């Protein structure tokens, strides 16, 4: 009997000794809302691929002693109502300390209202609408906004001695903001917008638009759209023998554009924050690992998601041990000189806007080439 009591006591003590280890190994949770189905599912797939890569690397690194991090993915379908429902679900999860996403500004801002009210830090890899960060102090983004990129394109055009431009843009919050920022920048330089044409998302027939803008005799055509639409427009431009030079916004920096548009993409000029051929060891490792794992080249969108995930993970570490939503939010706000694959990221202490460097590129012989 005495021996039995001794054995039981030993077992209890052993379990008790292990209890703190179990408690410490409890996973810290990050939410990621993104479109995994619907018209924008290809972007959600890129985001998830990059996030899973970053997460595995982080958990293997041991940067968060005694604990791991888990990412819960939820499909927003690029729908604002769905985004709000996910935001409510994530906010009600006490284990969740931060959220990444969504893809477009409309869904990100709708969900952002919930996160602001519930005080959940939200970091979007691509929401560039100027009002996104104005929702509350709980919103962040690591992408250059069109308030920076559109004037960059306007300056580039002016430096190339081009003064008259026709604009074609997608009809959504991002497209409207891009066009407004571009128009303001062009006018400030004394140059001219000869025509502005918006099209509905999903449109693939640009022949009437190309006919209309060509009549205004622009010296350049400027595109604010995603690679799927760009590919169609560029092919139809060649078919219609439109010779006007084309400048595009950064969403066209996507390997699939080269596949879809073929030779019609040659000559397009565009800016980007990510260069896959960058010899920087960090960029090379990301590109090589992405190609090996997914049998595809990473785009700017994949790179944005990879950096966003790592910025959030760094904030979790900085907020530890025992990270809370408030601590993670404060750690995000304190992000300085983060060295990512899209360059260095620092959040402005007042506006939380990221500072990024844009690189000029041209498509030459079916490849993206950096212009020096």
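Residue count for segment 290-336, restricted to those that are touching a helix residue (DSSP H, G or I) at 6+ places or on another chain (Cβ under 6 Å) and more than 21 Å from residue 101 (Cα to Cα): 2. Counting the residues of segment 39-69 that are more than 24 Å from residue 228 (Cα to Cα) and part of a helix (DSSP H, G or I) gives 10. Scanning segment 228-242 for residues that are part of a helix (DSSP H, G or I) and out of contact with any strand residue (DSSP E or B) (no Cβ under 9 Å at 6 or more places or on another chain) turns up 228, 231, 232, 235, 236, 238, 239. Scanning segment 228-256 for residues that are free of Cβ contacts under 8 Å to residues at least 60 places away in the same chain, crowded, with 22+ Cβ neighbours inside 10 Å and either over 20 Å from residue 46 (Cα atoms) or in contact with a helix residue (DSSP H, G or I) (Cβ under 6 Å, 6 or more places away or on another chain) (or both) yields 230, 231, 234, 246, 248, 252, 254. For residue 41, the requirement of being within 17 Å of the chain's Cα centre (by Cα), more than 18 Å from residue 123 (Cα to Cα) and free of Cβ contacts under 8 Å to residues at least 40 places away in the same chain is met. Sort out which residues of segment 288-316 are without any contact (Cβ under 8 Å) to a residue 12 or more places away in the chain and assigned to a helix (DSSP H, G or I), and write them in order of number. Across segment 288-316, the qualifying residues are 288, 291, 292. Looking only at residues of segment 107-120 that are in contact (Cβ under 8 Å) with a residue 40 or more places away in the chain and touching a strand residue (DSSP E or B) at 6+ places or on another chain (Cβ under 7 Å), we find that the one that is surrounded by the most Cβ atoms within 10 Å (Cβ to Cβ) is 111.
Residues that are under 21 Å from residue 324 (Cα atoms), assigned to a helix (DSSP H, G or I), at pLDDT 95 or above and in the same structural domain as residue 331 (by TED's automatic domain parsing) do not occur anywhere in segment 70-79. I need the full set of residues from segment 86-106 which are more than 21 Å from residue 313 (Cβ to Cβ), in contact with a helix residue (DSSP H, G or I) (Cβ under 9 Å, 6 or more places away or on another chain) and free of Cβ contacts under 8 Å to residues at least 40 places away in the same chain, in order please. Once the filter is applied, which keeps residues that are more than 21 Å from residue 313 (Cβ to Cβ), in contact with a helix residue (DSSP H, G or I) (Cβ under 9 Å, 6 or more places away or on another chain) and free of Cβ contacts under 8 Å to residues at least 40 places away in the same chain, segment 86-106 yields 88, 92.
The values are calculated or read from the model by the stated rules, or taken from the named source; none is laboratory data. Just so it is clear, the model here is predicted, and its values are computed rather than measured. Glycine gets a Cβ as well: all are built from the backbone with ideal geometry, and neighbour counts include every protein chain shown.
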